[in-house]
Amino acid sequence: MPTPEQLARKNIDAMLTAAGWVIQDRRRINLHAAPAIALCETDVERGFADYGLFLDAKAIGVLEAKAEGTPLVGVADQSEPVPG
């Protein structure tokens, strides 16, 4: 049985694909395969993000998958920029 986060990722994949993003596995990166790439399980300074978002091969953001209905209190800091 899939976990709530796995279900969230499945829904996010469908929404990103419908919006024109190409979903890629980080083990098979080709940032030039399409203008908009959503890279699964991307390395970031604090560990991993569920998705790294790239436009024209440039990182523009990260996306964290959470179970539907998860409040942002306590998880919003995962997407905070690292000072420096």
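Take the Cα radius of gyration of region 5-73 and divide it by 2.2 N^0.38 Å, with N its residue count; two decimals is plenty. The partial results should precede the final answer.
Values: Rg = 11.9 Å, N = 69, 2.2 N^0.38 = 11.0 Å.
Working it through for region 5-73, the quotient is 1.08.
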Order 17-25, 65-73, 51-59 from most to least packed using the mean count of other Cβ atoms within 10 Å. 51-59, 17-25, 65-73
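Taken together, the values in this text are just the output of simple stated rules run on the coordinates, not laboratory data. These figures come from a predicted structure and were not determined experimentally. Here Cβ is always computed from backbone atoms with ideal geometry, including for glycine, and neighbour counts include all displayed protein chains.
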